[in-house]
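Novice: This is the structure, below, for whatever I ask next.
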Amino acid sequence: MRFDDTLETVLAGDLATPAGIQSVWRQLVDLIGRKRVPADPRALATLHAIRREVPDTVRAASARGLEYGDPPFALVRLFAADMVSISGPILRNARLASSEWISILPELSAAGREVLRARRDLSPAVRNALESFNGSDFVLETGEAQSAPEVVGAPDT
């Protein structure tokens, strides 16, 4: 039996330069997303640690690369917490158990939950859980209630 040290090699990669960080990100996402290695806690911790140092364009390309790749729950969760412009491809196509979807709903942005609302393949339990967020998803960002704008100069009738 041969030992596969692919994950160890990637984890030992260069995290001191922007190019190195991007390379490690791409390799870990690809290896985990295509299930060539398990969603190892060290690999996930590395992805979480470097995510903000990886340009949006690289993260988005990684998500598009996994759009139909059936990534594992841990990777879906990582991407789901990102901006919808990055997480969208994965949220539109990932196949998770209902309990997994429900567990990440609070971590999603309102826009991310809206992507899930557009899916027709989610279970009734997930759809019901999504409905519980409707009120908070449509609150203005400031959290303050705003009245309808007053029309200045409108004639009284």
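Here, each number is a calculation from the coordinates, and none is a lab measurement. If you're wondering where the values come from, they're calculated on a predicted model, not measured in any experiment.
Novice: Under the 0.36 nm per residue contour assumption, what length would be gained going from the current alpha-carbon distance of residue 19 and residue 36 to full extension?
Specialist: Working: separation 17, 0.36 × 17 = 6.12 nm, distance 2.30 nm.
Length gained, residue 19 through residue 36: 3.8 nm.
Novice: If you don't mind, another one. Bin all alpha-carbon pair distances of segment 1-41 at 10 Å intervals from 0 and give each bin's fraction as a whole percent.
Specialist: 30, 52, 16, 1
Novice: How big is D, in µm² s⁻¹, for segment 27-142 by Stokes-Einstein at 20 °C and 1.002 mPa s if Rh is the Kirkwood radius over C-alpha pairs?
Specialist: On the way: Rh = 14.6 Å.
Using the Kirkwood radius from Cα pairs, D works out to 147 µm²/s.
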